[in-house]
Amino acid sequence: MAKIEPFEKHTGQYENWFVKNIYAYQSEVRAIKEILPDFKDGIEIGIGSGKFAQPLGIKFGVEPSYKMRKIAESKGIKVVDSVAEKLPFRNGSFDLVLMVTTLCFLDDVKKAFSEVYRILKPGGFFINGFVDRNSKIGKIYQKNKQKSVFYRVAIFFTTDKVINLLKEAGFKRFEFRQTIFNTLDKINGIEEIRKGYGEGSFVVVRAQKL
């Protein structure tokens, strides 16, 4: 069952996070942009209110939360009501699939990654941005899970675990970017973007369907 209740009840709080943490948000967008390939048919799974799809030029998304969906649609994005584990698209429909901070809310990651692989065209890319479980912010989120209306239902993953799950789904040719090297309260400008993973709290993995 999709974990949409926090996003339905606390829509304003979700939106305010991006205002309060504007530099962290901008850093995350930049990290994704660094390894964003040229694409024609792109889709974001768990598009939320379109905070990432819009600046990245993605016009199509999937989102089970009604309130989030409506905000994204107000930005000119076409959004389908569905979940990552059961995508209502034909095989090979897209050349890019994006997922940002959605991973920790999935009911079945293996099934979701399998679905992403299925709807991608051969040669297509899957870009996944998430908070690493072992990072500074990942540890803080886990420690304070029960205090957060959003993360109390979340399950965080290490980057190595995500890589293994992607490999199981059939993905190859991995590339990485990382950012957010400080805790959120200490960020006062756009954070550096580095290759690899293991230092930054926000990790972007790009994998390809060959």
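Just so you know, all these numbers are worked out from the coordinates, no wet-lab data involved. None of the values given here were measured: they were computed from a predicted structure. For neighbour counting, all protein chains shown are included, and Cβ atoms are generated from backbone atoms with ideal geometry for every residue, glycine included.
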Of all residues being in contact with a helix residue (DSSP H, G or I) (Cβ under 6 Å, 6 or more places away or on another chain) and part of a loop (DSSP other than H, G, I, E, B) in the stretch 37-50, which is nearest to residue 124 (Cα to Cα)? Just the residue, please.
47
Which of the residues belonging to the stretch 182-210 are at positive phi and either touching a Pro at 6+ places or on another chain (Cβ under 8 Å) or of a type in the set (Asp, Glu) (or both)?
none
Within the stretch 68-107, of all residues that are in contact (Cβ under 8 Å) with a residue 40 or more places away in the chain and out of contact with any helix residue (DSSP H, G or I) (no Cβ under 9 Å at 6 or more places or on another chain), the one nearest to residue 133 (Cα to Cα) is 107
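Looking only at the stretch 12-30, count every residue that is among the small types (Gly, Ala, Ser) and surrounded by 16 or more Cβ atoms within 10 Å (Cβ to Cβ) and tell me the total. It would help to see each step written out before you state the result.
To start, the set of residues in the stretch 12-30 that are among the small types (Gly, Ala, Ser) comprises 12, 24, 27.
When the remaining residues are screened for being surrounded by 16 or more Cβ atoms within 10 Å (Cβ to Cβ), the result is 24, 27.
Summing the residues that are among the small types (Gly, Ala, Ser) and surrounded by 16 or more Cβ atoms within 10 Å (Cβ to Cβ) in the stretch 12-30 gives 2.
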Residues of the stretch 78-119 satisfying the condition of being farther than 18 Å from residue 155 by Cβ, touching a Lys or Arg at 6+ places or on another chain (Cβ under 7 Å) and not charged (D, E, K, R)
79, 91, 92, 94, 117
Condition first: in contact with a strand residue (DSSP E or B) (Cβ under 7 Å, 6 or more places away or on another chain) and hydroxyl-bearing (Ser, Thr, Tyr). Can you find one or more residues in the stretch 116-124 that meet it?
no
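Out of the residues in the stretch 190-210 that are of a type outside the set (A, V, I, L, M, F, W, C) and part of a strand (DSSP E or B), which is surrounded by the fewest Cβ atoms within 10 Å (Cβ to Cβ)? Spell out the reasoning first.
From the stretch 190-210, those of a type outside the set (A, V, I, L, M, F, W, C) are 191-192, 194-201, 206, 208-209; that's our starting set.
Now narrow it down to the ones that are part of a strand (DSSP E or B): 194-195, 206, 208.
Values: 194: 16, 195: 10, 206: 21, 208: 16.
Selected residue: 195.
Say whether the condition of being within 16 Å of residue 197 (Cβ to Cβ), within 18 Å of the chain's Cα centre (by Cα) and outside any strand (DSSP E or B) is met by at least one residue in the stretch 137-151.
The first filter runs over the stretch 137-151 and keeps only residues within 16 Å of residue 197 (Cβ to Cβ), leaving 137-139.
Next cut, within 18 Å of the chain's Cα centre (by Cα) only: 137-138.
Next, from what is left, pick out any that are outside any strand (DSSP E or B): 137-138.
Yes, there is a match, as at least one residue in the stretch 137-151 is within 16 Å of residue 197 (Cβ to Cβ), within 18 Å of the chain's Cα centre (by Cα) and outside any strand (DSSP E or B).
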Which of the following residues is in contact (Cβ under 8 Å) with a residue 24 or more places away in the chain, of a type in the set (Phe, Trp, Tyr) and surrounded by fewer than 23 Cβ atoms within 10 Å (Cβ to Cβ): 141, 151?
151
Which numbered condition residue 67 fails, given (1) basic (Lys, Arg); (2) touching a Gly at 6+ places or on another chain (Cβ under 8 Å); (3) under 28 Å from residue 184 (Cβ atoms):
(2)
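Say we look at the stretch 64-117 and pick out the residues that are in a helix (DSSP H, G or I) and of a type in the set (S, T, N, Q); which of these is surrounded by the most Cβ atoms within 10 Å (Cβ to Cβ)?
114
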For residue 178, indicate whether it is touching a residue at least 60 places away in the same chain (Cβ under 8 Å), touching a Phe, Trp or Tyr at 6+ places or on another chain (Cβ under 7 Å) and not acidic (Asp, Glu).
yes
Return the only residue of 33, 51, 9 being surrounded by 18 or more Cβ atoms within 10 Å (Cβ to Cβ) and among the basic types (Lys, Arg).
51
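Quick check, is residue 124 part of a strand (DSSP E or B) and more than 23 Å from residue 11 (Cα to Cα)? Reasoning before the result, please.
Numbers: part of a strand (DSSP E or B): yes; more than 23 Å from residue 11 (Cα to Cα): yes.
Yes; evaluated as a whole, the condition is true for this residue.
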So is residue 28 assigned to a helix (DSSP H, G or I), within 14 Å of the chain's Cα centre (by Cα) and among the acidic types (Asp, Glu) or not?
yes
